[in-house]
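**Q** Encoded as structure tokens, here's the structure I'll be asking about.
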Amino acid sequence: MGKKDIILKAENISKQYRLGLVGTGTIGADLNRWWHSIRGKEDPYLKIGESNDRSTKGESNYVWALNDINFEVERGEVLGIIGKNGAGKSTLLKILSKVTSPTTGEIKTKGRIASLLEVGTGFHGEMTGRENIFLNGAILGMTKKEIKSKIDEIIDFSGCERYIDTPVKRYSSGMTVRLAFAVAAFLEPEILVVDEVLAVGDAEFQKKAIGKMQDISKGEGRTVLFVSHNMQSISSLTNRCIVLEKGNKIFDGNTSDSIDFYLKNNKVTEENDYKAEPIKDLPNILGVSVKTSNVSKVHIFGEPLEISFRLNVPFSLKGASLSFQIVDKHESPILHMWTFDSEKEMCRKPGVWKLKCVIPKLRLYMGDYTLKVYFTGPPGGEKYDIIEGVCPFKVEMFKIYREFEFRPNTCKYIEDSNWLINQE
Amino acid sequence: MNSTTKQNDWLYTISPRRKFINLNFKEIWRYRDLLLLFVKRDVITLYKQTVLGPLWYLIQPLFTTLTFTLIFNNLANIPTGDGIPSFLFNLAGLSCWNYFSTSFTGTSSTFKSNQGVFGKVYFPRVIAPLSVVISNLVKFGIRLLVFIGFYIYFVFFTGKASLASPNLTLLLLPVLIVLMALLGLGFGMLISSLTTKYRDLTYLVGFGVQLLMYGSAVMYPLSYFKEKLPEYSWLVEYNPMTVFIELFRYMTLGVGRFSISYFLYAAGISIICFLLGLIVFNRTEKNFIDTV
């Protein structure tokens with residue numbers, strides 16, 4: 001067995017930022033710092049430790065974007081870093097890629113670190129694609145010789161061959177990104193730091209990029225640190241994750257546990273349900289709520305979904321009906337469900353009525369959805385209440401295994417199917 | 001098995017501690033291709049999509065020199081020394097001055113103009129100002145060729161520059177070029193580091209450089225200034241650029257002042273300036289992205 005081969009070790013990493021405007025007043029703080037350092041005292045501004053909570057107003061102008069982070073990464077491991085916006089993910093990556101230095105603590109590594117932070121930086125519009133490949137490669141730490149030996153592969157991977165001797169300013173934004181990713185993809189550092197690059201380019205290129213990422217991590221056995229909001233790519237690419245919150249590491253473990261923890265911890269605090277006051281003498285919808293399989297209004301594909309309604313019925317209704325649509329983010333309705341008084345008696349007596357619809361196996365494809373609800377009388381009759389865009393929820397597929405990763409917008413829903421395969 | 005010993009075998013460490021001067025020559029050497037590519041980018045892209053292209057490198061100094069000659073010598077009658085065409089005199093001064101000033105202004109905006117790249121990728125930051133200075137060296141080289149061309153023309157074809165006498169101090173030229181670069185680089189790095197926090201300096205540099213030109217004996221000989229305005233002459237005399245420009249004219253044209261003590265003084269200033277710039281630059285580069 002032997003001991004683990006640790007390639008990167010972060011010890012007590014903290015990073016302090018100053019809030020507000022940098023400029024006026026900093027000379028005073030700088031002088032104060034300098035005066036303290038001359039007398040061999042600690043930096044007076046470092047003592048003020050406040051956690052980095054975006055929404056509450058702190059007392060000091062200094063916050064800790066990262067607070068005492070410790071972790072180790074083994075050689076060949078793919079580590080995911082997840083957390084909400086402002087949890088400190090990007091700060092950690094910036095420190096790892098040496099763009100900024102930590103306020104305290106240190107990171108020790110046994111390999112070269114290269115980062116894919118928002119690719120395409122350092123491109124010069126006036127230079128041709130080919131010239132930019134060399135420039136960008138060199139910025140990322142490759143030597144001219146290395147680039148020369150790979151240039152054909154890079155051009156081929158980017159799919160910009162026809163334009164390669166045209167200035168980059170004439171490129172479409174998609175082409176620029178393709179070219180940039182292509183350069184970065186052929187870097188060969190021991191440790192690769194990746195930040196949300198997969199969110200670029202069209203579907204075809206994304207597939208290519210993810211494939212390349214998988215090759216890098218699985219095939220070539222390189223160590224990858226991967227930051228993303230996309231639980232889907234996190235779960236398909238990584239085997240271990242750390243979860244950050246307000247600059248603190250709150251979880252470290254295998255990917256599926258981490259995602260569970262993250263989702264549980266990341267509870268949507270604001271009320272997601274629809275609520276309304278009863279209107280006097282008029283029937284209306286009092287409330288709609290969606291019960292998803294996971295917390296935070298995240299639903300796993302194929303799990304049962306419950307939708308509950310509360311209806312205000314001030315007088316007895318005849319032939320009432322309730323129906324709702326699940327609408328995707330392009331506002332197109334994907335499915336329609338209904339119940340009629342004629343099928344199941346409802347709202348025949350005044351009072352508050354509760355209805356619950358259970359979809360035993362929700363086959364909606366991954367994406368964001370909302371509800372549109374109709375509370376109406378008999379066909380051609382009165383429309384009591386119509387509400388739309390309520391109860392947003394998200395469908396994820398990350399617990400479902402498939403050889404190829406699920407990509408967004410591939411389809412609207414997935415049907416159960418049986419395949420018969422014979423050789424003739 | 002031997003993992004305990006291997007555990008301590010770290011390649012490098014990212015830490016907040018800053019050494020006083022943290023120049024990793026090995027690392028800079030590893031990034032030498034980047035340095036060259038930056039220089040190439042600077043030199044090539046400047047005149048892309050222009051009709052005259054690199055010819056602009058010739059046209060610019062020529063027209064400036066012509067204007068200077070017209071205004072300062074023909075109109076204001078500033079003497080340039082016997083037997084020395086004022087055109088050649090101005091070309092010499094302007095070439096040196098431009099070399100310094102473009103190096104200085106170029107490096108002084110290092111952090112601001114490279115913000116995007118610096119914020120995303122790591123490479124030794126010092127590569128950026130170095131590349132500015134080297135690409136200016138290339139431009140200076142072109143100007144030097146222009147200068148030599150006119151020199152030959154004046155000496156051999158018109159006979160106007162009969163008294164121009166290049167001398168042995170010409171051997172100091174490489175040292176002079178390096179010193180001017182160090183001065184511009186040092187000043188530039190200092191300013192660029194400070195501008196990340198205090199933007200006021202950007203404005204100062206803008207007009208400061210222009211004013212400084214008048215105090216650097218570019219369009220007049222130092223001796224003439226001393227003769228006319230003796231009470232202010234120390235301002236010009238102790239300006240290291242004056243020393244360098246005078247020396248350049250002395251070594252090529254035989255006019256101007258060359259004194260070992262002043263030369264050593266200016267060289268000292270340049271080196272101190274460079275070291276100071278390097279220290280401040282080093283302190284800034286690690287965290288500038290947080291304050292810029």
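The values are calculated or read from the model by the stated rules, or taken from the named source; none is laboratory data. Here the structure is a predicted model, which is why all the values come from computation and not from measurement. All Cβ positions, glycine included, derive from the backbone under ideal geometry; neighbour counts span all protein chains shown.
**Q** On the given criteria, is residue A:135 assigned to a helix (DSSP H, G or I) and either at pLDDT below 85 or under 27 Å from the mean Cα position of the chain (by Cα) (or both)?
**A** no
**Q** Residue A:199 - would you say it is surrounded by fewer than 19 Cβ atoms within 10 Å (Cβ to Cβ), modelled with pLDDT under 85 and of a type in the set (A, V, I, L, M)?
**A** When the stated conditions are applied, residue A:199 passes them.
**Q** Shifting gears a bit: Look at the stretch B:19-75 and say how many of its residues are surrounded by fewer than 16 Cβ atoms within 10 Å (Cβ to Cβ), basic (Lys, Arg) and within 11 Å of chain A (Cβ to nearest Cβ).
**A** Final tally of qualifying residues: 3.
**Q** Here's a follow-up. Can you tell me which residue is nearest to the chain's Cα centre (by Cα) among those in the stretch A:390-415 that are aromatic (Phe, Trp, Tyr) and crowded, with 16+ Cβ neighbours inside 10 Å?
**A** The qualifying residue nearest to the chain's Cα centre (by Cα) is A:398.
**Q** I'm told residue A:398 meets every condition in (1) part of a loop (DSSP other than H, G, I, E, B); (2) out of contact with any helix residue (DSSP H, G or I) (no Cβ under 8 Å at 6 or more places or on another chain) except one. Can you identify the failing condition by its number?
**A** (2)
**Q** Among (1) touching a Lys or Arg at 6+ places or on another chain (Cβ under 8 Å); (2) surrounded by 16 or more Cβ atoms within 10 Å (Cβ to Cβ), where does residue A:373 come up short?
**A** (1) is the only condition that residue A:373 fails.
**Q** Ok, one more. Looking only at the stretch A:156-186, which residues are closer than 24 Å to residue A:222 by Cβ and surrounded by fewer than 20 Cβ atoms within 10 Å (Cβ to Cβ)?
**A** A:156, A:159
**Q** I've got another one for you. If I filter the stretch B:100-120 for residues that are within 23 Å of residue B:253 (Cα to Cα), more than 14 Å from chain A (Cβ to nearest Cβ) and touching a residue at least 24 places away in the same chain (Cβ under 8 Å), do I get at least one hit?
**A** yes
**Q** Of the conditions (1) surrounded by 11 or more Cβ atoms within 10 Å (Cβ to Cβ); (2) free of Cβ contacts under 8 Å to residues at least 40 places away in the same chain; (3) small (Gly, Ala, Ser), residue A:332 fails just one. Which one is it?
**A** Evaluating residue A:332 over (1) surrounded by 11 or more Cβ atoms within 10 Å (Cβ to Cβ); (2) free of Cβ contacts under 8 Å to residues at least 40 places away in the same chain; (3) small (Gly, Ala, Ser) leaves (1) as the failure.
**Q** Scan the stretch B:190-210 for residues that are away from every other protein chain (no Cβ under 14 Å), out of contact with any Cys (no Cβ under 9 Å at 6 or more places or on another chain) and under 20 Å from residue B:270 (Cβ atoms) and report the count.
**A** The total comes to 5.
**Q** Quick one: residue B:42 ticks every box in (1) touching a residue at least 24 places away in the same chain (Cβ under 8 Å); (2) closer than 30 Å to residue A:113 by Cα; (3) in contact with a Gly (Cβ under 6 Å, 6 or more places away or on another chain) except a single one, so which number is it?
**A** Looking at each condition in turn, residue B:42 falls short on (3).
**Q** Residues in the stretch B:188-204 that are crowded, with 20+ Cβ neighbours inside 10 Å and hydrophobic (A, V, I, L, M, F, W, C): how many?
**A** 3
**Q** Given the conditions (1) closer than 30 Å to residue B:211 by Cα; (2) among the polar types (S, T, N, Q); (3) over 19 Å from the mean Cα position of the chain (by Cα), report the number of the one that residue B:113 does not fulfil.
**A** Failed condition: (3).
**Q** Going through the stretch B:225-271 one residue at a time, which ones are under 25 Å from residue B:88 (Cβ atoms) and among the hydroxyl-bearing types (Ser, Thr, Tyr)?
**A** Listed by number, the residues that qualify are B:233, B:242, B:250, B:252, B:259, B:262.
**Q** Residue B:246 fails exactly one of the following numbered conditions: (1) buried (at least 17 other Cβ atoms within 10 Å of the Cβ); (2) at pLDDT below 90. What is the number of that condition?
**A** Only one criterion in (1) buried (at least 17 other Cβ atoms within 10 Å of the Cβ); (2) at pLDDT below 90 is unmet by residue B:246, namely (2).
**Q** Another question, if that's okay. Quickly run through the stretch B:84-122 and pick out the residues that are under 18 Å from residue A:98 (Cβ atoms), touching a helix residue (DSSP H, G or I) at 6+ places or on another chain (Cβ under 8 Å) and buried (at least 22 other Cβ atoms within 10 Å of the Cβ).
**A** Once the filter is applied, which keeps residues that are under 18 Å from residue A:98 (Cβ atoms), touching a helix residue (DSSP H, G or I) at 6+ places or on another chain (Cβ under 8 Å) and buried (at least 22 other Cβ atoms within 10 Å of the Cβ), the stretch B:84-122 yields B:110, B:111, B:118, B:121.
**Q** Hand me the list of strands (runs of 3 or more DSSP E) wholly inside the stretch A:1-93 holding 2 or more residues that are at pLDDT 70 or above and within 12 Å of chain B (Cβ to nearest Cβ).
**A** A:6-18, A:62-74
**Q** Another question, if that's okay. Taking the stretch A:236-261, which residues are in a helix (DSSP H, G or I) and either surrounded by fewer than 21 Cβ atoms within 10 Å (Cβ to Cβ) or not assigned by TED's automatic domain parsing to the domain that holds residue A:115 (or both)?
**A** Those that are in a helix (DSSP H, G or I) and either surrounded by fewer than 21 Cβ atoms within 10 Å (Cβ to Cβ) or not assigned by TED's automatic domain parsing to the domain that holds residue A:115 (or both): A:236, A:256, A:257, A:260, A:261.
**Q** Please count how many residues of the stretch A:408-424 are within 17 Å of residue A:335 (Cα to Cα) and of a type outside the set (Ser, Thr, Tyr).
**A** Of the residues in the stretch A:408-424, 6 are within 17 Å of residue A:335 (Cα to Cα) and of a type outside the set (Ser, Thr, Tyr).
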